[in-house]
1. Please work out which residue is farthest from Gly143 (Cα to Cα), limiting yourself to the range 76-100 and to residues that are surrounded by 17 or more Cβ atoms within 10 Å (Cβ to Cβ) and either free of Cβ contacts under 8 Å to residues at least 40 places away in the same chain or out of contact with any strand residue (DSSP E or B) (no Cβ under 7 Å at 6 or more places or on another chain) (or both).
2. For the structure I just gave you, tell me whether Ser114 is over 23 Å from the mean Cα position of the chain (by Cα) and either more than 23 Å from Pro141 (Cα to Cα) or open to solvent by 30 Å² or more (accessible area, probe 1.4 Å) (or both).
3. Return the residues of the range 13-53 that are in contact with a helix residue (DSSP H, G or I) (Cβ under 8 Å, 6 or more places away or on another chain), farther than 29 Å from Leu148 by Cβ and either open to solvent by 80 Å² or more (accessible area, probe 1.4 Å) or not in a loop (DSSP other than H, G, I, E, B) (or both); say none if nothing qualifies.
4. Every residue in the range 265-292 that is among the aliphatic types (A, V, I, L, M) and either modelled with pLDDT under 95 or surrounded by fewer than 21 Cβ atoms within 10 Å (Cβ to Cβ) (or both), please.
5. For the range 64-75, name all the residues that are surrounded by fewer than 20 Cβ atoms within 10 Å (Cβ to Cβ) and over 23 Å from the mean Cα position of the chain (by Cα).
6. So which residues in the range 293-308 are open to solvent by 10 Å² or more (accessible area, probe 1.4 Å), of a type outside the set (D, E, K, R) and farther than 22 Å from Ala234 by Cα, if there are any at all?
7. Take the range 1-12 and flag every residue that is assigned to a loop (DSSP other than H, G, I, E, B), open to solvent by 20 Å² or more (accessible area, probe 1.4 Å) and in contact with a helix residue (DSSP H, G or I) (Cβ under 8 Å, 6 or more places away or on another chain).
8. Being within 30 Å of Thr63 (Cβ to Cβ), in a loop (DSSP other than H, G, I, E, B) and open to solvent by 10 Å² or more (accessible area, probe 1.4 Å) is the filter here, so list the residues in the range 236-260 that pass it.
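The values are calculated or read from the model by the stated rules, or taken from the named source; none is laboratory data. Predicted model, so just to flag it, every value in this text is computed and none were measured. Ideal geometry is used to build each Cβ from the backbone, glycine not excepted, and the neighbour counts take in all protein chains shown. Just so you know, the surface numbers come from the protein's heavy atoms only, side chains and all, with ligands and any DNA or RNA stripped out. Shrake-Rupley method; radii C 1.70, N 1.55, O 1.52, S 1.80 Å.
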Amino acid sequence: MTLGVGGASPEQALARLQVMTAGAEPIALAEYRLRIERLQQLMQAQGLAAVFVDAGSSLFYFTGLKWNPSERMVGALVPARGGVHYIAPAFEEGTVRDLQVLPGSISVWAEHESPFTLLVGMLAEIEVRDGARVGLCHSLPFGMYERLRQAAGGMQLVDGGALVEQCRRCKSPAELALMQRAKDMTLEVHKAAASILREGITTTEVTRFIESAHRKVGAPGSTFCIVLFGEDSAYPHGVRQPRPLHDGDMVLIDTGCQLYGYNSDITRSYVFGTPSARQRELWNLEKAAQQAAFDAALLGAPCERVDAAARRCLEAGGLGPDYALPGLPHRTGHGIGLDIHEGPYLVRGDSTPLDVGMCFSNEPMICVPGEFGIRLEDHFYMTAEGPRWFTQPSHSVDDPFGLNA
């Protein structure tokens with residue numbers, strides 16, 4: 001039996017977990033102010049008079065206001081100079097004010113009124129004139145953009161998403177600390193989940209346990225959870241009717257949580273029982289590809305170089321080529337922060353230079369249709385000395401969690 005897999009009841013595994021959030025702190029007001037200043041510097045350099053940031057992760061990033069997007073416009077208007085101005089439905093004003101971290105005025109609209117006309121009026125109040133360029137973040141729905149365009153008159157509505165992404169892509173020490181803790185929490189949950197596996201257990205039972213385990217370590221719960229056994233593990237994001245666990249199955253568990261909005265996302269693959277020669281060979285190849293990707297992550301190198309390194313390793317092992325199966329059907333990795341998937345990406349065509357503070361998943365998955373899939377996913381961040389793991393990769397196919405290392 002693979003070390004660390006099986007042998008415990010859910011109750012025993014949960015009892016071993018402890019809250020892991022002590023000392024973790026949310027992003028401070030001073031950092032939100034610095035983020036706004038950074039955005040304003042970029043706006044001034046590119047000739048934008050203002051940027052509108054819609055509800056969602058970017059609004060949270062710049063202001064600390066956590067608000068889910070809906071058909072009702074909620075957001076922040078950031079002028080090139082001066083303070084932030086919020087827009088919200090009138091009946092939500094009290095809630096928005098209560099949730100505010102970064103102070104600012106709030107303009108409101110009644111249900112029968114147009115928030116788009118109100119936003120144009122807000123721009124006029126801060127002396128944004130006809131002909132001025134106003135940036136919009138990428139999360140603004142097209143329908144809202146179109147109604148805003150109709151109300152904007154002579155103002156030029158332009159893409160402000162690149163500026164937003166430029167601010168978000170390099171994480172601060174405070175962000176890295178929250179992500180480190182969230183990933184540490186999820187790795188302990190992975191160990192606990194592996195310990196409860198038994199023949200016949202269903203993916204639903206494991207998913208429910210992982211939800212409870214994330215709560216036990218101090219998270220609000222799982223932000224997502226993928227559990228796959230045997231042949232199902234060859235499908236990266238699952239199947240309609242997952243099969244229960246059998247002896248000799250490859251196990252793939254991909255899950256994560258949030259801590260003050262920042263995400264973890266870790267995948268572990270291992271065998272329930274004794275690995276076959278085929279499973280052992282491809283597991284070792286997956287680990288080698290993950291390490292090749294890590295080694296290629298050099299400061300200043302384009303993101304796509306990391307993906308290319310993983311593919312060369314897999315192709316040298318007889319897989320692929322390119323996206324062909326058996327092999328790696330998707331990109332090697334994605335950025336992560338307030339969104340589980342965010343730019344830049346470790347994929348061909350993304351020439352963004354690797355820079356200090358960038359954070360990525362490293363998951364060059366091997367899919368073998370009709371047999372199994374293997375995804376070893378850990379994340380790394382760029383430092384002045386090069387890449388650094390948030391969590392150490394799986395140790396070996398026989399001891400995936402390094403319990404006997």
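1. Applying the first criterion (surrounded by 17 or more Cβ atoms within 10 Å (Cβ to Cβ)) to the range 76-100 yields 76-80, 84-89, 96.
Adding the requirement that they be either free of Cβ contacts under 8 Å to residues at least 40 places away in the same chain or out of contact with any strand residue (DSSP E or B) (no Cβ under 7 Å at 6 or more places or on another chain) (or both) leaves 76, 86-89, 96.
Details: Ala76: 18, Tyr86: 20, Ile87: 17, Ala88: 17, Pro89: 18, Val96: 23 Å.
The extreme case among them is Val96.
2. Numbers: over 23 Å from the mean Cα position of the chain (by Cα): yes; either more than 23 Å from Pro141 (Cα to Cα) or open to solvent by 30 Å² or more (accessible area, probe 1.4 Å) (or both): yes.
Spelling it out, Ser114 is indeed over 23 Å from the mean Cα position of the chain (by Cα) and either more than 23 Å from Pro141 (Cα to Cα) or open to solvent by 30 Å² or more (accessible area, probe 1.4 Å) (or both).
3. Those that are in contact with a helix residue (DSSP H, G or I) (Cβ under 8 Å, 6 or more places away or on another chain), farther than 29 Å from Leu148 by Cβ and either open to solvent by 80 Å² or more (accessible area, probe 1.4 Å) or not in a loop (DSSP other than H, G, I, E, B) (or both): Ala13, Leu14, Arg16, Gln18, Val19, Glu25, Glu31.
4. Ala277, Leu285, Ala288 - these are the residues of the range 265-292 that are among the aliphatic types (A, V, I, L, M) and either modelled with pLDDT under 95 or surrounded by fewer than 21 Cβ atoms within 10 Å (Cβ to Cβ) (or both).
5. Scanning the range 64-75 gives Glu71, Arg72.
6. If the condition is that a residue be open to solvent by 10 Å² or more (accessible area, probe 1.4 Å), of a type outside the set (D, E, K, R) and farther than 22 Å from Ala234 by Cα, then Phe294, Ala296, Leu298, Leu299, Gly300, Pro302 are the ones that fit.
7. Filtering the range 1-12 for residues assigned to a loop (DSSP other than H, G, I, E, B) gives 1-9.
Imposing the further condition that a residue be open to solvent by 20 Å² or more (accessible area, probe 1.4 Å) reduces the set to 1, 3-4, 6-7, 9.
Result: Gly4, Gly6, Gly7.
8. Matches in the range 236-260: Tyr260 only.
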